[in-house]
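In what follows, a structure is listed as structure tokens, so that the remarks can point back to it.
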Amino acid sequence: MEGDLLLHVLKAPGEMAGLSEEEWDRLLRLARTHRLLARLEPLARDQGIWQELPERARDNIRGAQAWVDHFQLRIRRELMEVRKVLRHLGVPLLLLKGAAYMAEGLPPARGRSLSDLDLLVRRQDLPRVERALLDAGWKSEIEDDYDQRYYREWMHEIPPLVHLLRGVEVDIHHNLLPRTGRYQVPIEKLWEAARPLEANLSVLAPADMLLHSAAHLVVSDELRGGLRDLFDIHQLYIHFSAGDARFPRELPRRARELGLSRPLWYVVQAAHRLFDTPFSPEVLDPAGYELPGPVTGRVMRYLVRETLRPRAPEAGDAAFQRWLLYLRSHWIRMPPGLLAMHLARKSIRRLGGRSAGVAGE
Amino acid sequence: MSASSWQAAAADDLLWEAWEEAFTVYHRATGETHLLNVLPVEILSLLQERPRSTEEIAAELAARCEVVNDGPWHRRVADILEELEALSLVEPVDR
Amino acid sequence: MSASRLREAAGGGGIALRLGPFRVRLVTRLPALLDTLQRLYAPLEAEIPAGIHDFHVQVNRPGGLRGRWRPQALFLLDGEAPFEPFPEDHAFPLFEWGLNYSIATRAHRYCMLHSAVLEKNGRALILPAMPGSGKSTLCAALMHRGWRLFSDEFGLLRPESGELLPMPRVIPLKNESIDVIRTFAPEAVTGPRFPKTRKGDVVHVAPTAESLARQQEGAMPAWIVFPRYRPDVGCRLRPVPGSQAFVRLSNNAFNYHLLGETAYRALTNLVKACRSHDLQYGDLEAAVKTLDQLVS
């Protein structure tokens, strides 16, 4: 299959050295479509083969890398500005996703683009934090009253804030997943395990970081970036298990404890299948998970796999599976009545030509 | 501003370039480029030695530039500091 | 490639075209677009696609109901349409505009100046595009007085070496500039007139044969000239301080902000290696003469 070339290279980056120019032509397009183009440089450098790659391929990858560097700088700067404003409040902040990978220098940070700054604060600190940022020049992205209410009542974050001059979206979360969803993450446990970086700044513990990425991938609205996120998980697993022999056993245990067995299981299946991630037997053993019945599990596995498998730019996407998974993620997120209402509202808005303001990444 | 004292952005983050009449600086932490004339550059280089208050800066620069350290001069220095703060090139610190 | 072979290839697996350092694969079933390309880039060096292409482009009629009333052409970059379709008889400007878009959004391996660049005696002249500069007119005029065209739109700068790279494309002229150049250089090869574009009537001037033939040959920059068209002035050249030239040039680059430190260093080196001038001109002949004197 066309997309297998990308998987092949992500699994075994050393193979880049032996690709024909025609294969490079396909690989560059596939990697670009899946937001993985800039990742190829660090992967090739780790193998010591960067200089051997065709110059035209390197030029394209460097072009993508320039974007990534720019966006990473924007995020670092935004964090600096946010911390300046919040310094006097003394509120603990926890970095999530890309910002955490960057702060810790984790493998997925290299060549990973990110457009938003994702922060976690305790629920009781939320009003003070929001007030301080609004007073300092940030503005709410969402003006529509319905969407404001939707966020505040049902989401795990406040409506995104954007600074008027810099335009970077700051997403302030108080939990990892929506309040009403099926998966209820006991957030205080994550705070307890968090690893401090500096005063009032921390990141999730390794297992929690991987679990958050897994949960986010399974319940998010947009699966277009799914392969990228799955590759993050692949790299995180390899990195954390190399640094701590107890990590593979800890991961499914912690997933049970946080009620995130299912997303972890789905993601492990997908990564195992697509990237041959070297999971230890205890990670692959279903007995270590709290899982739903076999049918749901099989359907979900199929959806995840088929939706994430890379496709050629012109081949279109697995629209139907994506749609089902979309419904699924909303079902997980909201009570059924509310789901119907929100979906109706979204279709109406879409007819009106405006994009809907639902929580994206 | 009533900050007790000011400190400059980290020296490693600033890439300076001298032109005939002015200076440019690229600030790695913000990704911004600034065009500065001599006075703000002098202020920044003083602050890179150690943090100083507005009063100290005004006095030292007045001596160096051979001007009277009066009210208008002090206001001029304070204004420049405020502009530099807006550019994230200096920030207030508590001493 | 014969015209019929070209059509067949372009409508099937596509044709590969060179744009200076870039390679483009174009798939199109619009013969008029191919005819214009053959006329303005003669001899058109189209190849059967092989190896790596920087841009995979399609220019075709959109599917579905669109364009049923009036034929349209849609530009696709890697299967995605970055902008609305144009009327089909504007497929050529659409293609050129689409390429500019593709390069500006992706080619960040280079520092991209929004400038015309020309070369003489192995050294390059940069003419930054400022509103009301008359840059394209001046650029077309210089090209027909012995200067080699690098680009009318993109100054491609290799940050690590400071070298400028050619990417010779057609020069779009608007309204009254069309007749100015036809009078100034009657030998200029021009394309069809495209009436009522967003910028008024547009006619494209072909790059000279030499510019096309030597498009793999870069040059080091030596002069930055900020042109400004002023009908009341004959021709006036004035030096510009380096810091000012730096600020103007960085504000005018497509990706200065995006490249950050890389662009800061590259443009600092560029400006320090060049002499910078303001040029006010109303008389094209006098302007060309002044620039020739400047570089001799």
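The values are calculated or read from the model by the stated rules, or taken from the named source; none is laboratory data. No experiment lies behind these values; they were computed from the predicted model shown. Please note: Cβ atoms are built from the backbone with ideal geometry, for glycine as well, and neighbour counts cover all protein chains shown.
Does A:PRO13 meet the test of being surrounded by 18 or more Cβ atoms within 10 Å (Cβ to Cβ), out of contact with any Pro (no Cβ under 8 Å at 6 or more places or on another chain) and modelled with pLDDT of 95 or more? When the stated conditions are applied, A:PRO13 passes them. Does B:LEU44 satisfy being within 14 Å of chain C (Cβ to nearest Cβ), in contact with a strand residue (DSSP E or B) (Cβ under 8 Å, 6 or more places away or on another chain), aliphatic (A, V, I, L, M) and surrounded by 13 or more Cβ atoms within 10 Å (Cβ to Cβ)? Criteria not met by B:LEU44. The single residue among B:LEU14, B:LEU47, B:LEU84 that is of a type outside the set (Gly, Ala, Ser) and closer than 24 Å to A:GLY137 by Cβ turns out to be B:LEU84.
Quick grid of which residues meet (1) surrounded by fewer than 13 Cβ atoms within 10 Å (Cβ to Cβ); (2) of a type in the set (Val, Ile, Thr); (3) closer than 30 Å to C:ARG275 by Cα; (4) more than 14 Å from chain C (Cβ to nearest Cβ):
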{"site": "B:SER5", "(1), (2), (3), (4)": "no, no, no, yes"}
{"site": "B:PHE23", "(1), (2), (3), (4)": "no, no, yes, no"}
{"site": "B:GLY31", "(1), (2), (3), (4)": "no, no, yes, no"}
{"site": "B:VAL38", "(1), (2), (3), (4)": "yes, yes, yes, no"}
{"site": "B:GLU49", "(1), (2), (3), (4)": "yes, no, no, yes"}
{"site": "B:GLU55", "(1), (2), (3), (4)": "no, no, no, yes"}
{"site": "B:ARG64", "(1), (2), (3), (4)": "yes, no, no, yes"}
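Could you check region C:254-269 and list, in sequence order, the residues that are at the interface with chain B (Cβ under 9 Å from one of its Cβ atoms) and of a type in the set (Phe, Trp, Tyr)? Across region C:254-269, the qualifying residues are C:TYR256, C:TYR264. Residues that are more than 25 Å from C:ARG18 (Cα to Cα) and touching a Lys or Arg at 6+ places or on another chain (Cβ under 8 Å) within region C:186-215 comprise C:LYS199, C:GLY200, C:ASP201, listed in sequence order.
Here is the figure for region C:270-296: residues that are facing another protein chain (nearest Cβ under 10 Å) and surrounded by fewer than 21 Cβ atoms within 10 Å (Cβ to Cβ) total 1. Scanning region C:142-174 for residues that are hydrophobic (A, V, I, L, M, F, W, C) and part of a loop (DSSP other than H, G, I, E, B) turns up C:TRP147, C:MET167, C:VAL170. When region A:256-273 is filtered for residues that are among the aliphatic types (A, V, I, L, M), part of a helix (DSSP H, G or I) and within 17 Å of the chain's Cα centre (by Cα), the ones remaining, listed by number, are A:LEU264, A:VAL267, A:VAL268, A:ALA270, A:ALA271.
If you check C:PHE254 against the conditions, is it in contact with a His (Cβ under 7 Å, 6 or more places away or on another chain), assigned by TED's automatic domain parsing to the domain that holds C:ALA286, buried (at least 21 other Cβ atoms within 10 Å of the Cβ) and of a type outside the set (Gly, Ala, Ser)?
Yes, satisfied.
Taken over region A:68-111, the criterion of being at positive phi, buried (at least 20 other Cβ atoms within 10 Å of the Cβ) and of a type in the set (Gly, Ala, Ser) is satisfied by A:GLY111 alone. Just wondering, is there one or more residues in region C:69-80 that are crowded, with 18+ Cβ neighbours inside 10 Å and either in contact with a Cys (Cβ under 8 Å, 6 or more places away or on another chain) or touching a residue at least 40 places away in the same chain (Cβ under 8 Å) (or both)? Yes: one or more hits.
Of the helices (runs of 4 or more DSSP H) lying entirely inside region B:23-95, those containing at least 3 residues that are within 14 Å of B:ASP13 (Cα to Cα) span B:38-49.
Report yes if C:VAL205 is among the β-branched types (Val, Ile, Thr), in contact with a strand residue (DSSP E or B) (Cβ under 9 Å, 6 or more places away or on another chain) and surrounded by fewer than 20 Cβ atoms within 10 Å (Cβ to Cβ), otherwise no.
Taking the combined requirement at face value, the residue does not satisfy it.
Annotation: of all residues in region B:66-94 being away from chain A (no Cβ under 14 Å) and of a type in the set (Gly, Ala, Ser), the one that is farthest from the chain's Cα centre (by Cα) is B:GLY71. Screening region A:1-94 for helices (runs of 4 or more DSSP H) wholly inside it with 1 or more residues that are facing chain C (nearest Cβ under 10 Å) returns the ranges A:21-33, A:55-86. If you check A:PRO159, A:PRO127, A:PRO108 for being assigned to a helix (DSSP H, G or I) and touching a Gly at 6+ places or on another chain (Cβ under 9 Å), only one passes: A:PRO108. Inspect all residues belonging to region A:112-119 and state whether any of them is part of a helix (DSSP H, G or I), buried (at least 19 other Cβ atoms within 10 Å of the Cβ), of a type in the set (Asp, Glu) and modelled with pLDDT of 95 or more. Looking for residues that are part of a helix (DSSP H, G or I), buried (at least 19 other Cβ atoms within 10 Å of the Cβ), of a type in the set (Asp, Glu) and modelled with pLDDT of 95 or more, one finds none in region A:112-119, hence no.
For region C:224-251, give me the residue count where each residue is over 23 Å from B:LEU36 (Cα atoms) and buried (at least 21 other Cβ atoms within 10 Å of the Cβ). Here the count works out to 2.
From the list C:ALA9, C:ALA50, pick out the single residue that is farther than 18 Å from C:ILE103 by Cα and away from chain A (no Cβ under 14 Å). The conditions single out C:ALA9. Among the residues examined, C:ALA42 does not qualify as modelled with pLDDT of 95 or more, of a type outside the set (Asp, Glu) and not assigned by TED's automatic domain parsing to the domain that holds C:ALA206.
Checked against the criterion of being buried (at least 21 other Cβ atoms within 10 Å of the Cβ) and under 30 Å from B:ASP13 (Cβ atoms), region C:213-223 contains one or more residues that satisfy it. Comparison of A:LEU251, A:LEU197, A:LEU227, A:LEU258 shows that the only residue that is within 23 Å of A:PRO13 (Cβ to Cβ) and not basic (Lys, Arg) is A:LEU227.
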